[in-house]
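Trainee: I am attaching a structure below and will ask some questions about it afterwards.
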Amino acid sequence: MKSAVFYQCKHCGNLVALIGTGGGTLTCCGDPMVQLQANVTDAAQEKHVPVARMENGRLIVEVGSVAHPMAAEHYIEWIALEDGDRLEIVKLNPGDKPCAEFVYHPAEANEEIFAGENDEIVPNCEGNPCNFVYREKVGSHAVVYAYCNLHGLWKAEL
Ligand SMILES: [Fe+2]
């Protein structure tokens, strides 16, 4: 999947994530929808740029390094994780913490480990049995997004 793209209607506020690209123009309320740009609103970065950390095998995303307000008139509407071919969105409500949890496997280089009893032992290039196997790690180039109802889209790359 290419990078996530979000569009919003400037009239009614409808907001969509594009999950397939057909090339046409998205319209709503009779006008083309506007593609959201991240981190361009003049607002406090520390309250909007999402901050991610791993905790007990989960990715915890908070908005931001100083907690964003979660009042009805000003709050983080959703937080999203884009990880390779996966886009997961968690919707929030006023009164919630500006925080979301995701299952996430951080990107790392493939690792070489000793073969276990369930691994197939195959000859190496010299024809000798190889007791190492490669494990492929999941995930790459993950991005976390946050959307403020007043200050728009924000993102951070992991
Ligand atoms: Fe805000």
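Trainee: Restricting the search to the stretch 21-36, which residues are over 22 Å from Glu157 (Cα atoms) and surrounded by fewer than 13 Cβ atoms within 10 Å (Cβ to Cβ)?
Mentor: Listed by number, the residues that qualify are Thr21, Gly22, Gly23, Gly24, Thr25, Thr27, Cys29, Gly30, Asp31, Pro32.
Trainee: Restricting attention to the stretch 95-117, which residues are at pLDDT 95 or above, open to solvent by 40 Å² or more (accessible area, probe 1.4 Å) and not in a strand (DSSP E or B)?
Mentor: Those that are at pLDDT 95 or above, open to solvent by 40 Å² or more (accessible area, probe 1.4 Å) and not in a strand (DSSP E or B): Gly95, Asp96, Lys97.
Trainee: Which residue is nearest to the ligand (Cβ to nearest atom), if the candidates are limited to the stretch 46-65 and must be touching a residue at least 60 places away in the same chain (Cβ under 8 Å) and part of a loop (DSSP other than H, G, I, E, B)?
Mentor: The extreme case among them is His48.
Trainee: Looking at the stretch 37-83 only, could you name the residues that are under 22 Å from Leu15 (Cα atoms), of a type in the set (Gly, Ala, Ser) and open to solvent by 20 Å² or more (accessible area, probe 1.4 Å)?
Mentor: Of everything in the stretch 37-83, those that are under 22 Å from Leu15 (Cα atoms), of a type in the set (Gly, Ala, Ser) and open to solvent by 20 Å² or more (accessible area, probe 1.4 Å) turn out to be Ala38, Ala43, Ala71, Ala72.
Trainee: Please enumerate the residues belonging to the stretch 136-151 that are at pLDDT 95 or above and in a loop (DSSP other than H, G, I, E, B).
Mentor: Asn149, Leu150, His151
Trainee: So, in the stretch 84-93, how many residues would count as being open to solvent by less than 60 Å² (accessible area, probe 1.4 Å) and more than 11 Å from the chain's Cα centre (by Cα)?
Mentor: Residues flagged as open to solvent by less than 60 Å² (accessible area, probe 1.4 Å) and more than 11 Å from the chain's Cα centre (by Cα) within the stretch 84-93 amount to 1.
Trainee: State all residues of the stretch 66-94 that are out of contact with any Leu (no Cβ under 7 Å at 6 or more places or on another chain) and either at pLDDT below 95 or away from the ligand (no atom under 14 Å from the Cβ) (or both); if no residue qualifies, say none.
Mentor: Once the filter is applied, which keeps residues that are out of contact with any Leu (no Cβ under 7 Å at 6 or more places or on another chain) and either at pLDDT below 95 or away from the ligand (no atom under 14 Å from the Cβ) (or both), the stretch 66-94 yields Glu82, Asp83, Gly84, Asp85, Arg86, Leu87, Ile89, Val90, Lys91, Asn93.
Trainee: For the stretch 8-20, which positions are open to solvent by 50 Å² or more (accessible area, probe 1.4 Å) and either in a strand (DSSP E or B) or among the basic types (Lys, Arg) (or both)?
Mentor: The answer is Lys10, Leu15, Val16, Leu18.
Trainee: Something else about it: Say whether the condition of being at positive phi and within 18 Å of the chain's Cα centre (by Cα) is met by at least one residue in the stretch 3-17.
Mentor: So far as the stretch 3-17 goes, no, none of its residues is at positive phi and within 18 Å of the chain's Cα centre (by Cα).
The values are calculated or read from the model by the stated rules, or taken from the named source; none is laboratory data. Everything quoted here is computed from the prediction, not taken from an experiment. Glycine also receives a Cβ, built like all others from the backbone with ideal geometry; neighbour counts cover every protein chain displayed. The accessibility values were calculated without ligands, DNA or RNA, using every heavy atom of the protein model including side chains. Shrake-Rupley method; radii C 1.70, N 1.55, O 1.52, S 1.80 Å.
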